[in-house]
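Notes follow the structure.
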């Protein structure tokens, strides 16, 4: 399996390992491994005999679909879910927790996150994260407003003029967003929380009405919905 696609990734079946902590991941590790097993020890303190068994196992199954990282923590990464299951069966006592996609919806979300991370657009960026709860238990979207104004353009002008211009752009942009959504909540002077269903409209109208502003939209997938 050289390239990750929707067709070659399976979600972890938590029911197979009720005694192992399995949590949803927030990324593809190194952009190529969907699954990670965090081990209980580090490179200084560990069970030597079991560690040697893990090294032997990794050599036996081959390094093509696995990756081992040892430092302050020790992690084993997997491309193939069958090898992950094989590893859990062999070394459950050495595993602190396992991370990976835990539903088909979660898999699609991780691909969307990967795509957004690779897309370059200086005027708009969308980030996807996983949270235990919504912001303020209500909102699954956070919008940060920045400006394209350059401080150098205000050289020779009173510094407060630059700050005032930045503040005006942000306040005007926030008002535009507030008028678009059914409910929202401001945080200080450059964040606003709302429902993620408005993300595309926010992107479009901010670009249209506020050319000196740029935004970063952060959508949250709540763990309980994975």
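The values are calculated or read from the model by the stated rules, or taken from the named source; none is laboratory data. All of these numbers come straight from a predicted model, not from anything done at the bench. Please note: Cβ atoms are built from the backbone with ideal geometry, for glycine as well, and neighbour counts cover all protein chains shown.
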Query raised in the report: What's the number of the condition residue 15 fails, among (1) in a strand (DSSP E or B); (2) without any contact (Cβ under 8 Å) to a residue 12 or more places away in the chain?
Result: (1)
Report summary line: Of (1) surrounded by 17 or more Cβ atoms within 10 Å (Cβ to Cβ); (2) modelled with pLDDT under 95; (3) assigned to a helix (DSSP H, G or I), residue 102 satisfies every one except (3)
Query raised in the report: Somewhere in region 35-49, is a residue under 30 Å from residue 199 (Cα atoms) and under 14 Å from the mean Cα position of the chain (by Cα)?
Result: no
**Report entry** Subset tally (residues that are in contact with a strand residue (DSSP E or B) (Cβ under 7 Å, 6 or more places away or on another chain), assigned to a helix (DSSP H, G or I) and closer than 20 Å to residue 132 by Cα) for region 187-226
**Finding:** 2
Report task. Evaluate region 42-56: report whether one residue or more is touching a residue at least 60 places away in the same chain (Cβ under 8 Å) and assigned by TED's automatic domain parsing to the domain that holds residue 94. Result -> no
